[in-house]
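A short worksheet on the structure shown next.
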Amino acid sequence: MVSYPAMGTPHSVFAEEYLPRDTADVVRTVRDSRDRAERLTVRGGEQTEESYGLPDQQAVLSLRKMNAVLDINLGRRTVRVQAGAKLSDIDRRLGAHGLGLPVVGDHRDITAGGFASVGGVSTASHRYGMFIDQISDLEYVDTDGRLGTCGRTHHTERFHRILGAGGRAGIITALTLDVVEVDKDHTWLTSDSDRFLDFDSFVEHATTEIANPGSAALQVGRWVDTAPLKVARPVGTGQVTLGAVRFGQWSSLYPTAPTRGLRARREVGSRTRKSLGAIASAAGGRAGMPVRNAAAGALMFAPKVLTIRDAEYLADTVISSSERGPAYRVAVFAPLSNYSAVFYGLHDLFAGHRERTGCFTVISAMTYGVRSAYLRAEAAARGLAPADYGLISFTCRLRPSALPSEQLRDIVSSIDDLCRGEHALRYSGELPLGNVNG
Ligand SMILES: Cc1cc2nc3c(=O)[nH]c(=O)nc-3n(C[C@H](O)[C@H](O)[C@H](O)COP(=O)(O)OP(=O)(O)OC[C@H]3O[C@@H](n4cnc5c(N)ncnc54)[C@H](O)[C@@H]3O)c2cc1C
């Protein structure tokens, strides 16, 4: 166990961090904490800023030392890992055998247990579904410190309770994952992109591509809508209002044969992205906002050619630094039959609030298809017709302290009404993705 000074508190109170090395350690830690009536928060990897200064100075159990790849079964095409193993490390080990994980998160530090606990979608989800669709069984320690196993074919109810539960239904300690035959470093993709200046054409195009992805290996649509920008002139000369910018891009990425020319273009593209990422990381505070926005914008203009590995971690090189600042985020799985109604509903809700109260600045959306056995089962369990879905996620940048709690409640209940009316599923409604993040 190590202790960290709790940040964000006026006094130096210490939050405990437990670092178990194996499942028996997890069992002991959970039982001891229960006996001390200490509340434990589970973390996949490193402590993030959010983990410091948790409410009531909660103790943290991090699985980052439980990061082994335990077994790669070539015949069954599965991999068994400890829950703290990073997906990028697992993928690197699988790569040596011509195998890979079909769905990974958009940055390199995500752990298997952490991703299983949120569900996990990616730009390959139109083919492979969610990360949790790839899990065949898992080992866990429940909140009373009891060890158990469950999977697709045994203790299925428990299995579904733990997946996507954000750590509230027990601590996942090991998982077996299905893998696919793929060479992520040498499979080249070329991106076929369409750009749009109006929302209607963007949504229409996204609807068609999600319903008929053809042989696309990856797909993603992004829409950005800025509020009119006011730029202060030197003292005494007033303000200039720049126009609002609204544009969207849909990209479908298809496998292609590598040529020398393509390799050279990829090299230039990846160097440019890394430089943009470095510049954006260095650009702090309000003054750095335009640079960070430019870095985020660069994602819209992803390179024409890249490997699967590059494409999976494209966001990792530029976006994280541009994601600073308070924002309201929500993600919804819309059944394909109601996809455009949900997209318009969410867009109009956020644009309307921005127009009336000025609470948001930039409103952006990301979307792609999700064909998931887990979601179909989830829909059936709620009495809804199982369907294929389009994920629609919105990020609305907040003007500081411009979203009072009554307005937030209003927004949340409008989203819930929309989901109910259109049979859409909220992505982890109780988790931070559905709340205001700082
Ligand atoms: C609701 C939500 C959905 C997200 N969806 C995506 C996505 O689809 N694609 C993407 O690229 N990024 C997504 N993210 C962002 C981020 O990639 C994920 O949060 C990712 O799971 C972080 O991985 P981590 O290993 O650092 O986990 P952490 O950030 O440490 O934990 C994530 C959640 O999982 C719990 N948890 C962690 N490890 C375990 C474990 N072993 N057993 C039980 N619970 C555990 C934590 O308590 C926490 O609730 C999402 C974030 C949230 C909050």
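When you look at Arg161, is it away from the ligand (no atom under 14 Å from the Cβ) and either of a type in the set (Lys, Arg) or crowded, with 23+ Cβ neighbours inside 10 Å (or both), yes or no?
Numbers: away from the ligand (no atom under 14 Å from the Cβ): no; either of a type in the set (Lys, Arg) or crowded, with 23+ Cβ neighbours inside 10 Å (or both): yes.
It is false that Arg161 is away from the ligand (no atom under 14 Å from the Cβ) and either of a type in the set (Lys, Arg) or crowded, with 23+ Cβ neighbours inside 10 Å (or both).
With the checklist (1) more than 9 Å from the ligand (Cβ to nearest atom); (2) more than 18 Å from the chain's Cα centre (by Cα); (3) crowded, with 24+ Cβ neighbours inside 10 Å in hand, flag the one item Ile132 doesn't pass.
With (1) more than 9 Å from the ligand (Cβ to nearest atom); (2) more than 18 Å from the chain's Cα centre (by Cα); (3) crowded, with 24+ Cβ neighbours inside 10 Å applied to Ile132, the lone miss is (2).
Search the range 243-256 for residues that are more than 23 Å from Thr123 (Cβ to Cβ) and pair each with any residue that is exposed (fewer than 15 other Cβ atoms within 10 Å of the Cβ) and not aliphatic (A, V, I, L, M) when their beta-carbon atoms are under 9 Å apart and the residues are at least 6 apart or on different chains.
The qualifying pairs are Gly243/Pro228; Ala244/Pro228.
I'd like to check which helices (runs of 4 or more DSSP H) are fully inside the range 321-438 and have at least 2 residues that are at pLDDT 90 or above and within 16 Å of the ligand (Cβ to nearest atom).
373-381, 405-422
Could we say that Leu61 is outside any helix (DSSP H, G or I), closer than 25 Å to Asp22 by Cβ and either at pLDDT below 95 or more than 8 Å from the ligand (Cβ to nearest atom) (or both) here?
Yes; evaluated as a whole, the condition is true for this residue.
Output the residues belonging to the range 367-384 that are closer than 24 Å to Ser340 by Cβ, touching a Gly at 6+ places or on another chain (Cβ under 8 Å) and of a type in the set (Gly, Ala, Ser).
Gly369, Ser372
Output the residues belonging to the range 147-157 that are within 16 Å of the ligand (Cβ to nearest atom) and more than 22 Å from Asp25 (Cβ to Cβ).
Passing the criteria: only Gly151.
In the range 82-113, how many are within 13 Å of the ligand (Cβ to nearest atom), touching a strand residue (DSSP E or B) at 6+ places or on another chain (Cβ under 8 Å) and closer than 24 Å to Ala217 by Cβ?
9
Scan the range 137-146 for residues that are within 13 Å of the ligand (Cβ to nearest atom) and more than 20 Å from Thr78 (Cα to Cα) and jot them down.
Within the range 137-146, Val141, Asp142, Thr143 meet the criteria.
The values are calculated or read from the model by the stated rules, or taken from the named source; none is laboratory data. Computed from a predicted model, the values in this text were never measured in an experiment. With ideal geometry, Cβ positions are generated from the backbone for all residues, glycine too; neighbour counts draw on all protein chains shown.
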